[in-house]
1. What's the magnitude of the charge dipole for the stretch A:73-173 around its Cα centre, counting Lys and Arg as +1 and Asp and Glu as -1 at the beta-carbon? Answer in Debye, nearest 20.
2. Among DSSP beta bridges whose residues both lie in the protein assembly as shown, state the antiparallel percentage, nearest 5.
3. Only four residue types carry charge here, +1 at the Cβ of Lys and Arg and -1 at the Cβ of Asp and Glu. Report the dipole size of chain B about the Cα centre in Debye, rounded to the nearest 20.
4. Using θ = phi - 60° and the Karplus relation 6.51 cos²θ - 1.76 cosθ + 1.60, list the HN-Hα couplings for the stretch A:432-442 in order, rounded to whole Hz, with x at every Gly or Pro.
5. In vacuum, with every alpha carbon of the stretch B:5-119 counted as one equal point scatterer, what does the Debye formula give for log10 I(q)/I(0) at q = 0.17, 0.18, 0.19 Å⁻¹? Two decimals, please.
6. Only Cα pairs under 8 Å and at least 6 apart count here; give the relative contact order of the stretch A:70-138 as a rounded whole percent.
7. Please report the relative contact order for the stretch B:17-123, taking Cα pairs under 8 Å with a sequence separation of at least 6, and give it as a percent rounded to a whole number.
8. Taking the Cβ-Cβ separation of residue B:69 and residue A:46 as r and a Förster radius of 25 Å, what is the calculated FRET efficiency to the nearest 0.05?
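Each reported figure results from applying straightforward, stated rules to the coordinates on display, with no laboratory input. Since we're looking at a predicted model, the values are computed, not measured. Cβ atoms come from the backbone with ideal geometry, glycine included; neighbour counts cover every protein chain shown.
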Amino acid sequence: MVAHVATVAFQGIEAVPVDVQVQIQPGQPVFAVVGLPDKAVAESRERVRAALHASGLALPPKRIIVNLAPADLPKEGSHYDLPIALGLMAALGAVPGDQLAGYVVVGELSLDGTIAPIAGALPAAIGANALDKGLICPAACGPEAAWASREMDILAPRSLIAVANHFKGTQVLGRPEPALAREGAPLPDLAEIKGQELAKRALEVAAAGGHNLLMVGPPGAGKSMLASRLPSILPPLSPRELLEVSMIASVAGALPGGRLTDRRPFRAPHHSATMAALVGGGLRARPGEVSLAHHGVLFLDELPEFAPQVLDSLRQPLEMGEAVIARANHRVSYPARFQLVAAMNPCRCGLAGEPGAACRRGERCAADYQARLSGPLVDRIDLRIEVPAVTAADLILPRPGEPSARVADRVAAARSIQRDRFAALGRPEIATNAQCSAALIETVAEPDAAGRRLLSEAAEAMKLSARGYHRVLKVARTLADLDGADLVGRLHLAEALSWRVAGERLLQAA
Amino acid sequence: MRTTPERQAAERSGRRAEGVAALLLMLKGYRILARRFRVPAGEIDIVARRGGVLAFVEVKRRADADDARLAVTFAARRRIVRAADAFLARRPALAGLTLRYDLVIVRRRRLPIHLANAFRADD
């Protein structure tokens, strides 16, 4: 007799249905798991056996074969323990198999029969809902899985015995409640930064349009301080974005207590990060920092200190909005629509361009340092600003800066204009100007006559690339949105060009 | 194997223990199909059958039950499983039964213990 239990395998953030078949028949008493299991799955044998024993069930002296179908799909992760155990219990008659048929089952077993939390409960729940089934998942993952759908049937038992009791009807389990993370510590506020008005403006524009930002300045100028205040002016995640962000976090096992938060992710990997850490991959395909920063901010401090190869691996995700990872036995893609914010010193000693500073290595110092950044990467950064050292006079001044909340209101207003515009054009998947395609931006950011003249002259003089040209248009569109203007004027284009010129000057002459 | 006086004594006590174990199994309703089944790959002390269950029984003579369990090492279990395969190859009619590996612990001046399903073929 063969018992069937449905579970899932994760490919990217998608849950692929997997059928767990358990057969018990006479023969040499062995317990084998087949169907391309990896080490963690093959080891589930021991955990299942111990957990069943702890629940008062012994394996019968019979041949037990567990098949994970489809057999050619590699199975990895520890969430196969529970479906295998329940399949065995169904085959032994300890739980009714027909009642299990309505559920997708995921969970890891402890040796004492309790069910341990797993990564990916949310995508599993969404996958189960798509199959019109309920979900059985660990108790700790219940609040997370409950987000998938209001109607679907979700069981979040603490132990194997709890599952058996539920189906027997002696102790019926209730549906877990979706949990939202409590407001964490308040975010650092923009008002704490004195001076740096230009940088604050750039930060606001970047937040409003989702543009990439590069800050160049000497050590101690406040680049990292500025970047860490970006989340405080970004609008909260929309429900759809929240779901996408949470699915990635769930697959990465980064949802503490299964609580979801509507705060945009802010990822700041150290510059020793490898390509696999940043883009994703590794032996077991896992989302990288670019995917964990989906719909949020990826902050790279000390940009030139990153390995050049690692930085160039960002080019494709920046353009496509997804990270495609191809390995010998995987080909998965994770969404990675993030906003890149980078900070760097102008040279190794950090003093190039400072009045009165003289470096022993002279001009070469800055040139060598900046040569570590590839042109194509810098070309993808719309806003490049110089963050000069703050003078003591600025610090002494008691003038308080504008608080984050006020800036956030302007950003939210500009974002809602963008959302409405793209929705009206029948492209509701585009949320910001930065995500807009080149063809579309030419229609929505049509400059007036004076603006067009300025743009053509500037494009000639600055030798803008085609991508650079479109990126200037996108920034100009955002500036117009911040102003509440329908048309992109000469002023907006001039400011957009100035953000780009600043970078050009910084990166060539400095 | 060299035949020393100690070895001969051990052999005799082993045979006595097997006799006790076989008696216990028969009292429990098992039919003894073979004793000291021996092939080059390994050996089984007792093969017994009751209903649909075919039990391959290892007999251990120890003062302490835990010592007896530990005495059935991984290598010893492998020899028993291989011998069981050989036994089934000679008696294919029995291969469809539920196969079980048991352990009988024989202790001095105390009742012997029968551990059914003491280990599995892949342990």
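1. 120 debye
2. Values: 44 of 80 bridges.
Restricted to the protein assembly as shown, the bridges split so that about 55 percent are antiparallel.
3. Roughly 400 debye, rounded to the nearest 20.
4. 9, 4, 5, 7, 5, 6, 4, 5, 6, 5, 5
5. -0.80, -0.90, -1.01
6. Reported as a whole number, the value is 32 percent.
7. On the way: 183 pairs, mean separation 28.8, N = 107.
Here the relative contact order equals 27 percent.
8. Rounded to the nearest 0.05, the efficiency is 0.85.
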